[in-house]
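What follows is calculated from the coordinates using simple rules that are stated; it is not laboratory data. Predicted model, so just to flag it, every value in this text is computed and none were measured. All Cβ positions, even for glycine, are placed from backbone atoms using ideal geometry, and neighbour counts span all protein chains on display.
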Amino acid sequence: MILLDGKKTSAELKVEITEAVKELKKQGKKTPHLAAILVGTDGASMTYVNAKVKACEMVGFNSTLIDLPEETSEEKLLQEIENLNTNNDIDGFIVQLPLPKHIDEQKVLMAVNPDKDVDGFHPTNVGRMTLDLPSFLPATPYGILELLERYKVETSGKQVVVIGRSHIVGRPMSILMSQKRPAGDATVTVAHSRTKNLKELTLQADIIVAALGIPEFLTGDMVKDGVTIIDVGITRIDDETKKAGYRLAGDVHFESVAPKSSFITPVPGGVGPMTIAMLMKNTLLACERKS
Ligand code: GUN
């Protein structure tokens, strides 16, 4: 069993990005600048956004955090987005999800200039991705492709089961892995909450991407020997024995699945750090495209 080490791989990626930033500066070009909008005080979202800002510092980007209160109106948020759309110094920006219930997420994502949409959530980028045209790939699926590629996990002709059909992970993952591309050329099945014969499907899978958001859902009896496991889940579970008061659990029951796997991502330290590294990569790309 080989651990797909996202912490190590993302550190390597950050070194590569840092070098690219130095090169841009040497050529007298602008420093990449990422902005993030956070609405409200959700603990996990605050942690993720802070990690994104810290990653910017590490690779030599400029960053701006726009921290808005929970009660921010949709109109005010749309105004902030328009300011970022028209601010020439900002190369890319993200609106951290989920948003408070009174805000229409679809409307907000549609308002982002597709050229600055480094999350790849705007319909223009989703459409371009689907048609194999150059686009910003959503960071989590992009990070998974990068991990599979760097660890030389064979995907061509393999049976992949993606559990979960979210717009952020499951759906784009299934599209990308079925395309003719590195870490692609796979035969992909998308399973979800209405799937009737899930265990039958997972038992046949060469690669399973678990992205359904139910902690420790995928267990050892559901996978075949030699499977590759990508665990996208990250849920806080109350645990008084921990200093933070919680522990992080993936969608995979690691203890029973790992012994049967050829490759597996840990949680934490697997997909999570890759997501942040790929956001940096997209921001670099957005900056380079402009110059
Ligand atoms: N919430 C969970 N994942 C993501 C992500 O990749 N981007 C944004 N903006 N919000 C998220």
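Some observations on this one:
- In the range 163-271, the DSSP beta bridges split such that about 30 percent are antiparallel, to the nearest 5.
- Hypothetical label at residue 181: residues of the range 97-131 whose amide nitrogen lies under 18 Å (7 Å Cα-Cβ projection): 114-131
- GluC sites (Glu not before Pro) within the range 1-101, DSSP loop, no more than 15 other Cβ atoms inside 10 Å: 70, 71
- Whether the range 96-148 is rounded, prolate or oblate, judged on the alpha carbon gyration tensor where a/c under 1.5 counts as rounded: oblate
- Least to most buried among 81, 144 (fewest other Cβ within 10 Å first): 81, 144
- Spin-label model, residue 62/residue 192: points 7 Å from Cα along the beta carbon direction are separated by 4.2 nm.
- Beta bridges per DSSP with both ends in the chain, % antiparallel, nearest 5: 10 percent
- Loop sites in the range 123-206: GluC sites (Glu not before Pro), DSSP, at most 16 other Cβ within 10 Å: 154
- Taken as entire DSSP H runs, the helices of the chain that both span 27 Å or more between Cα atoms along their own long axis and average -0.5 or more on the Kyte-Doolittle scale are 271-290.
- Per-residue ellipticity at 222 nm computed for the chain from its helices equals -12500 deg cm²/dmol, with DSSP H segments shorter than 4 residues left out and the rest contributing -39,500 (n - 2.57).
- 25 Å Cα-Cα threshold exceeded, pairs from 101/243; 26/281; 7/290; 54/260: 101/243; 7/290; 54/260
- For 115, 231, 239, order by how many other beta-carbon atoms lie within 10 Å, fewest first: 239, 115, 231
- Whether the chain is rounded, prolate or oblate, judged on the alpha carbon gyration tensor where a/c under 1.5 counts as rounded: prolate
- Prolate/oblate/rounded call for the range 43-99, Cα gyration tensor, a/c under 1.5 rounded: oblate
- Applying a DSSP loop filter and a limit of 16 other Cβ atoms within 10 Å to the trypsin sites (Lys or Arg not before Pro) in the range 48-126 leaves 101.
- In this structure, residue 256 and residue 18 have a Cβ-Cβ separation that, at R0 = 41 Å, corresponds to a calculated FRET efficiency of about 0.60.
- Listed by chain and number, the aspartates and glutamates whose C-alpha is less than 17 Å from the C-alpha of residue 29, apart from same-chain residues fewer than 8 away, are 19, 89, 91, 288.
- Ordering 18, 275 by the number of other Cβ atoms within 10 Å of each residue's own Cβ, fewest first, gives 18, 275.
- Label positions at residue 130 and residue 240, each projected 7 Å from the Cα along the C-beta direction, are separated by 5.0 nm.
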